[in-house]
Amino acid sequence: MSQLNRLARGGRIDRSRKLSFTFNGQRYQGHAGDTLASALLANGVDIVNRSFKYSRPRGIVAAGAEEPNAVVQLGKTEAAQVPNVRATQQALYEGLEARSTNGWPNVQRDLMSLIGKLGGQFMPPGFYYKTFMAPASMWMTYEKYIRKSAGLGRSPMEKDPDLYDHLHQHCDVLVIGAGPAGLAAALAAGRSGARVILADEQEEMGGSLLDSRERLDDKPADAWVAETLEALAAMDNVTLLPRTTANGYHDHHFVTLHERRTEHLADTAPVKDGRRQARSRMHRVRAGRVVLATGAHERPLVYGNNDVPGNLLAGAVSTYIRRYGVVPGRKLVLSTSNDHAYRAALDWVEAGREVVAIADARANPDGELVEQARALGIRILPGSAVIEAKGESRVNAARVAKIDPDGFRVAGSAETLACDTIASSGGYSPVIHLASHTGGRPTWNDDILGFVPTLVKGVSAAGGAQGVYATGRVLADGVAAGARAAEEVGFAAAEVRLPQVAERRDGAAVALYQVPHEKPTLRAPKQFVDLQNDVTAAGIELATREGFESIEHVKRYTAMGFGTDQGKLGNINGMAIAARCLGRPIPEVGTTVFRPNYTPVTFGAIVGRHCRDLFDPERYTAMHQWHVEHGAEFEDVGQWKRPWYFPRKVDGKTETMHEAVARECRAVREAVGILDASTLGKIDIQGPDAREFLGRVYTNKWAKLAPGRVRYGLMCKDDGMVFDDGTTSCLGENHFLMTTTTGGAATVLEWLELWHQTEWPELEVYFNSVTDHWATMTITGPEARKLLAEVTDMDLDRESFKFMDWREGVVAGVPARVFRISFTGELAFEINVQANYALHVWETLFAHGEKYGLTPYGTETMHVLRAEKGFIIAGQDTDGSVTPEDLGMHWCVGYDKPFSWIGQRALSRPDTKRSDRKQLVGLRPKDPKVVLEEGAQIVFDPQHAIPMPMVGHVTSSYYSPTLDSGFALAVVKGGQQKMGESVYLPMADGQVHEAEIVSPIFVDPKGERQNV
Amino acid sequence: MLYIHCPYCGELREEEEFHPKGQAHIARPLDPDACSDEEWGDYLFFRDNPRGIHHELWVHAVGCRKFFNVTRHTVTYEILETYRMGEQPTITAEHPEGRPSRDAADQASLREGVRA
C-alpha cells in the first residue's frame, strides 16, 4: 500500500530509510523519523480503534501524549507484549507489530457498534452499574464479556526478557520539557555553572519549535534548536535526557524520570556484546530547583459527532504536516476560537490541499494569521463554528452555523460543507499535571482561558506551562526561570543571548468549549468530551441533573479523565460543561486533581532490578549451606531463611511435614536435637549504667544478676502491653548480652536507643547489634550433656554449670560462649561461636552426635516443643493487647522495683485490672485427633444466637507427638479462673469443636527435665 | 519521598534512611505513679494532629541511629528545620517565621540544617 498522504518533501523524516510495519496484521511502510501514528496517517488508515463503551470507530486526534484513541498493543512475541502504547508517542522501527486494543472481532467490523448505534441513547453514565447490577453473582459473568468487547490491552503471559535500571541522580536545576522555554531555561542554568538535567518525553528535543512557522534570528526555528542542543551537549554540567518522561513529582523535588532507551529500536532491547541492554532507566532525581517547561495541550471543540475519524486537533494537523510530511486528508474545515489554530489552514494550503472554510467563533477575527489566510483566498466564516460532523468511518462533511456562545445557541441556519477533515481548536490548557502532583490546586486565569499551576517553593513554570504562548516571550520566560533557579541554589546568572523573534499580532481568543447545536444537548448527536472513556456532553449534563455537583463526583460517575490519557484532552471542556449546567463559573467548579503517573509506566521500569532474586534481601545463617544439603525446607522469618523442618527419605518416600516434625520432636524429648538459632537478635550492651537501664526496660529485676548468670525478661511498651521477650546474660559487671525475637531484633535495638536518647541520656550505656557476629546452635535433649562433653573440656557438671548459667570456653577447638537455657523444656546448651567458625562446630557436633541420635530440627518442631511447655512467642501469642499478667507471668514482674519501669504504671489502669481480660490458657480439644485452627474464635455458648459473643481466639495450635493429641494456646476472657471448663470453637464449615481450658504447660509442669 | 537533614550527620539524606516516631517533645512524667489515670492516659494516647506546623521525632535508623526533631508543615510537607535532642524548635505555630532569639549566634547554630 502506498503512502497516499505523504508529502513529497518537508518534515523531519528520513525518506531514504523505509521501514515496514504491521497494524492489525496489515503490512505498511513508513520512514525513519515517523511515529506509528504519523505512519498510519501517511498510509490513510482512518480507523485505529473502537471506542470503549459505544464501539464507535475512532481515528487519530492528536500528535502527542494527549492522544485518546490511538492506543495500541505492541509486540511481536508473547513476552514482548506492551499494552496501552500511544501510537503518537511510539517511534516507528523496522518490523514493528501493533494492533488495536479495542474491537471484537476487529476494528473494521465490530459487533458491539450495534449497541452504540441502536442503544446509544440507552447507555447513560453508570449504564453498566445500573444494568448489570443484579443479581450480584452474575457480575463476574457480565464483566467477562464486557471486558472482551471493551478491551483495555492485555499484559504479557510470559516472563519479561528485558532489564530495567534505576539511577539515583542529583542536580541543581531540573528542567522538564525541551521546547523553547525548556531549552532557554537549560541554557541559562547551564551557563551559570549549575548541574542541569534537561528531560523531554519526545523522540527529538525542540517541542513546538520542530513544527513552528516562526523564524528565530531569521532562520527556521529548528536551526536554533539544533544550535542550542549542540551548545548544551558541549557543557559538562548539563545532562540531556531525550525520550524521558517526568512521570511523578514527589515531595521535596524528588522527580521520577522514565527514560526509554530502546523502545524506538525494537519491542525488546537489543543485545550488544552478549549483554542485553537496559530497556529503560528510571532516574530518581533529587533536584535543587525545578523548572516546569511542559508546554500546553490544545483543547478540541466539543460538537456533534466530533469523534468520527477525520476530526483532529488543529495543532496536530500542523505537526503532522510540518514535522512528519503527512497531510491527513484532502479537504479541510477548521473550527477555531483563536488565531493560533490558523496555522493548520496555512500549512494545509502549503501542502497543496484544499481548505474549504475556516469557521471562526469570533465576530471580527483580525490577527496577522487571519490576514494571511484571507490573502490566500481562504473562506472565513466569522461568528461561526462546526456544530456537527457528518460521516461514519470518516468525516464526509461539516455542518457549520453562526453561533451565539454567550446564549449557548445556534444563531443561524447551518450550511453543510463537504470535507474529509475537521480540525478544531478551543484554545490551550497549560500542562499542569506535575505541579498538581505536589499538591498545588491550579487556579483559573481568565486572560488565557485556562488553569495555571499553583507552585510550591523551589519550582517555577515557564512558557506554555504557565500560559505564556508567544514564542519570543516564551524564550525570555525560559531564560528568566532558568537563571532564577540557578541563582536560588547559589550560581551567578550568566549572559544568554536570545534569538530575535518577530512579535506576531494575535487577535483576542474567545471562550468556547461545547459548541451549541440546534437540538438540546441531550438530543443532539453525541458531542464527545472524553473520547477514551466515551464521555459526552450529554453524560455530564445528566450527571449534574442527577445531583453530582462536585467535579470530582462528576468525574467518577461519568469516568471522565480515567484511562491512559488522564483527561489531558477533555478535562477542561468537561469542567466547562459542568459549570454551564450548574450555572456556576469555571473557577468555582474547579478542576480534578492529576496524580502520578503523567503517562503509563511499565511495571518493569518501576521495579527496576528489585525483582525475582533481588526483590528483597535474603539473610542466611553460617550453616545455611549445610541445611540446604540436608534437604531442609525453609521458612521466611523476617528476611531470614530458617530451616522449617528436615524431611528424610524413608524407603524412597519423602516424609511429610507432620511425619518429620513428629520424628524431630521425639528425638529431642528422647535423645538429642540441634537447632540453628543464629537468627535470634543479639544486642551487646555495655556501660556503667547498663544494669540500671535493663531494670527500666524489662518488667523484672536485674539489680542482682551476677556475671555468669542468665535471666529471661519481658519487655512492655509504656501502655503495659508485651512486645518482645528474650534472655539477657551478664557478661561482666557493666556488660550484658540481650537476645530478642528473630523478627524483633531491629525494633528492639531502636526501642532501647529511643529511651536512652530521648528520656535518659544521663545514663551511660551503649548498644550494638551483634546478631550477625555470633552463630548460635542449640543442642537439647537428655543426651545433650554427653554430646557436648565430647567436644569441650568445659566443666558441664549440673551443680557447677547450673540451669540459667553461661560459661566461656572452647568448643570443637573454637572459643565459645555456652548458655544453659532451654526453650524446649529439655536439658539444653546454646553454643555461641564466631559466625565464621560455626559450620565447623556444627559439623564437629554431627561427627560426634550420630551415636546419640543427634537430629537437626527446624522452626516447626521448635514451636511444638515450646508450646508444650507454655513458652510464648511474642507476636504470635501476644498481639500488642496482652499484659504480662494476662500471660500469667506475674513471676516476671518486679512490682517493687525503685524506678517505675516501662509499662508498670499502665498495669494499674482500670482497663488493665479488669478480671475479664483475655488471658493466656491451654486448650485441650475433646477429640484428641483435632488440631484447632490458629486464629479460630472461641465462644462459651455454642447455642447462642448469631452473632455469638466471641470471648477469645487460638494463638498457637499443634499436634503433640509426646501427648499424642492436638493441643493449643489461646487467649480467653477471664480464662485463668476457668480451668477445667469447656469452650467451643465454631468453624466456617459448620463444625463446632469443644475444648477444655487447661494450664498452658502441657509437658513436665514441674520443669524437671531441663535440670537433669 | 522526604529529604531530611540529619542534624548529627550534617547531611541531607533520603527518607528511606529514617523512621518517623510520632510527635516530638512528649516527655514521660518523671513520677508515673503520681499521675492520675487521666494524666497517664493523656501521656500514652493523646497526640496533636495540627494542620500546619508540627514537631516530630525521627530517627536516622540506617544512618547514625540518632533521634532528632523535625519541624514539618503537614500541608506542604515542607521541613522547616531539624534540631537535636534536647533542643527547642525556632519555628513554631506561634512563630512561623522563626522565634526571636536573644543571642544571634545561638539562633544561627540552632538553624543549622534548616532548609526552607
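Where a number appears in this text, it was derived from the coordinates with a stated rule and is not lab data. Keep in mind the model is a prediction, meaning the values are calculated, not measured. As a convention, Cβ positions derive from the backbone with ideal geometry for all residues, glycine included, and neighbour counts pool all protein chains shown.
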Candidate cut points under chymotrypsin sites (Phe, Trp or Tyr not before Pro) in region A:540-646, DSSP loop plus at most 10 other Cβ atoms within 10 Å of their own Cβ, are A:Phe615
If you plug each phi of region B:87-97 into the Karplus form 6.51 cos²θ - 1.76 cosθ + 1.60 with θ = phi - 60°, what whole-Hz ³J(HN,Hα) values come out, in order, with x for Gly and Pro? 8, 10, x, 8, 10, 9, 4, 6, 10, x, 8
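When the helices in chain A are scored as -39500 (n - 2.57) per DSSP H run of 4 or longer and the sum is shared across all residues, what 222 nm value do you end up with, to the nearest 500 deg cm²/dmol? Provide the component values of the computation, followed by the final result.
Values: 24 runs with 220 residues, N = 1012.
So the calculated ellipticity at 222 nm is -6000 deg cm²/dmol.
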Rounded to the nearest 5, what % of the DSSP beta bridges within the protein assembly as shown are antiparallel ones? 75
Between the alpha carbon centres of region A:70-85 and region A:940-963 the gap in Å comes to 53
Charges on Cβ only, +1 for Lys and Arg, -1 for Asp and Glu, centred on the Cα centroid of region A:20-85; of A:Ser55, A:Gln81, A:Gly33, which one is farthest towards the dipole's positive end? A:Ser55
Helix A:314-324 sits off the longest principal axis of the Cα atoms of chain A, rounded to the nearest 10 on a 0 to 90 degree scale, by 90
Please sort by residue number the GluC sites (Glu not before Pro) in region A:312-409 whose DSSP state is loop and whose Cβ has at most 16 other Cβ atoms within 10 Å. A:Glu392
Just tell me which lysines come within less than 23 Å, Cα to Cα, of A:Lys929; anything on the same chain fewer than 8 places away is out. A:Lys869
Options A:Ala509, A:Ser956, A:Leu796, ranked by Cα towards positive dipole end of the protein assembly as shown, top entry (Cβ charges): A:Ala509
Which distance in Å, rounded to a whole number, links the C-alpha centroids of region A:236-285 and region A:318-395? 38
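For region A:519-583, what class follows from the C-alpha gyration tensor (a ≥ b ≥ c being the square roots of its eigenvalues): rounded when a/c is under 1.5, otherwise prolate if a/b is larger than b/c, else oblate? Please list the in-between numbers first.
On the way: a/c = 1.78, a/b = 1.21, b/c = 1.47.
In terms of gyration-tensor shape, oblate.
For the cross-link pairs A:Lys402/A:Lys519; B:Lys21/B:Lys66; A:Lys653/A:Lys926, which exceed 22 Å when the distance is taken from alpha carbon to alpha carbon?
Numbers: A:Lys402/A:Lys519 14 Å; B:Lys21/B:Lys66 12 Å; A:Lys653/A:Lys926 33 Å.
Result: A:Lys653/A:Lys926 exceed 22 Å.
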Cα-based helix-to-principal-axis angle, A:471-488 vs chain A, degrees rounded to 10: 30
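Could you list the trypsin sites (Lys or Arg not before Pro) in region A:922-1012 that lie in coil according to DSSP, counting only those with at most 12 other Cβ atoms within 10 Å of their Cβ? Before the final figure, lay out each step's value.
Details: sites: A:Lys926, A:Lys929, A:Lys973, A:Lys978, A:Lys1006, A:Arg1009; in loops: A:Lys926, A:Lys929, A:Lys978, A:Lys1006.
Answer by residue number: A:Lys926, A:Lys929, A:Lys1006.
Just the number, please: percent antiparallel of the DSSP beta bridges in region A:251-376, rounded to the nearest 5. Intermediate results must be reported in sequence, preceding the final value.
Working: 9 of 15 bridges.
Counting DSSP beta bridges with both partners in region A:251-376, the antiparallel share is about 60 percent.
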Please give every one of the lysines within straight-line cross-link reach of A:Lys704, meaning a C-alpha to C-alpha distance under 18 Å, and leave out same-chain neighbours fewer than 8 residues apart. A:Lys802, A:Lys897
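In debye to the nearest 20, how big a dipole does region A:519-583 give about its Cα centre with +1 on each Lys and Arg Cβ and -1 on each Asp and Glu Cβ?
Working: 8 positive and 7 negative charges, 45 e Å.
Result for region A:519-583 is approximately 220 debye, rounded to the nearest 20.
Quick one: grab the alpha carbon gyration tensor of region A:914-1010, order the square roots of its eigenvalues as a ≥ b ≥ c, and give me rounded if a/c is under 1.5, else prolate or oblate depending on whether a/b is larger than b/c.
Working: a/c = 2.35, a/b = 1.38, b/c = 1.70.
Because a/c hits 1.5 or more and a/b fails to exceed b/c, region A:914-1010 counts as oblate.
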Folded to 0 to 90 degrees: helix A:221-233 orientation relative to chain A principal axis, Cα: 30
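For A:Glu764 and A:Ser982, compute 0.36 nm times the residue count separating them, minus their Cα-Cα distance, and round to one decimal in nm. Could the numbers behind the result be given before it?
Numbers: separation 218, 0.36 × 218 = 78.48 nm, distance 5.24 nm.
Once the chain is fully extended between A:Glu764 and A:Ser982, it gains 73.2 nm.
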Most positive-pole-ward Cα, B:Thr76, B:Pro32, B:Phe18, against dipole of region B:3-110 from beta carbon charges: B:Phe18
Once you order the gyration tensor axes a ≥ b ≥ c over the Cα atoms, which shape class does region A:681-769 get: rounded for a/c under 1.5, otherwise prolate or oblate by comparing a/b with b/c? rounded
Can you give me the C-alpha center-to-center distance between region A:824-845 and region A:414-475, rounded to a whole angstrom? 70
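List the pairs from A:Lys701/A:Lys1006; A:Lys682/A:Lys918; A:Lys390/A:Lys526; A:Lys717/A:Lys913 whose alpha-carbon separation is above 20 Å, in the order I gave them. Walk me through the numbers before you get to the answer.
Values: A:Lys701/A:Lys1006 23 Å; A:Lys682/A:Lys918 31 Å; A:Lys390/A:Lys526 12 Å; A:Lys717/A:Lys913 17 Å.
Listed pairs above 20 Å: A:Lys701/A:Lys1006; A:Lys682/A:Lys918.
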